[in-house]
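What follows is a set of notes on a single structure, which appears directly below.
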Amino acid sequence: VPPDFARRQDALLDAYGLPTRLPPGSAAATDELVAAMARDKKTLHGRLRFVLPTRFGHVELVDRVDPALVAAVLERGR
């Protein structure tokens, strides 16, 4: 998505007092979060799936997301 879209989403979450970054912590917290994502209703046959925005008002289902990539992104966002 364009950077202005991401900034808008961050501002919206901030306005509601919702976090946009993980607090500093152990790798175990990241592992627990990825494990929780694996129990989400969008997960199919043990594979992570995400519903991601591609532009304002439009989302796409992204299938077969690598859990190691998710963990790496979460770690960078601390």
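Taking a probe of 1.4 Å, how large is the accessible area per residue of the chain, in Å²? Write down the numbers at each step before the final one.
Details: 5990 Å² over 78 residues.
On a per-residue basis, the chain sits at 77 Å².
With r defined as the distance between the Cβ atoms of L13 and H45 and R0 fixed at 35 Å, what FRET efficiency is calculated, to the nearest 0.05?
Values: r = 31 Å, r/R0 = 0.87.
E between L13 and H45, to the nearest 0.05, is 0.70.
With all protein chains present, how much of the accessible area of the chain (probe radius 1.4 Å) comes from carbon and sulfur, to the nearest whole percent? Before the final figure, lay out each step's value.
Details: 3560 of 5990 Å².
Of the solvent-accessible surface of the chain, carbon and sulfur hold 59 percent.
For the stretch 57-65, just list the computed ³J(HN,Hα) in residue order, Karplus coefficients 6.51, -1.76 and 1.60, θ = phi - 60°, integers in Hz, with x standing in for Gly and Pro.
3J(HN,Hα) across the stretch 57-65, in whole Hz: x, 9, 10, 9, 7, 10, 9, 6, 6.
In the Gaussian network model of the chain, springs joining C-alpha atoms below 10 Å, which of G57, G46, G25 carries the largest mean-square fluctuation?
G57
What net charge is computed for the residues neighbouring V65, neighbours being all others with C-beta under 12 Å from the C-beta of V65, Lys and Arg scored +1, Asp and Glu -1? Present the calculation step by step, with values, prior to reporting the outcome.
Details: positive: K42, R47, R49, R64; negative: D40, D63, D66.
Taking every other residue near V65 into account, the sum is +1.
With charges set only on the Cβ (+1 for Lys and Arg, -1 for Asp and Glu), what does the dipole of the chain come to about its Cα centre, in debye to the nearest 20? Provide the component values of the computation, followed by the final result.
Working: 12 positive and 10 negative charges, 31 e Å.
It comes to approximately 140 debye.
The values are calculated or read from the model by the stated rules, or taken from the named source; none is laboratory data. Predicted model, so just to flag it, every value in this text is computed and none were measured. Virtual Cβ from ideal backbone geometry, glycine too; neighbours counted across all protein chains shown. Each accessible area value is taken on the protein alone, full model and side chains, heavy atoms only, with ligands, DNA and RNA left out. Shrake-Rupley method; radii C 1.70, N 1.55, O 1.52, S 1.80 Å.
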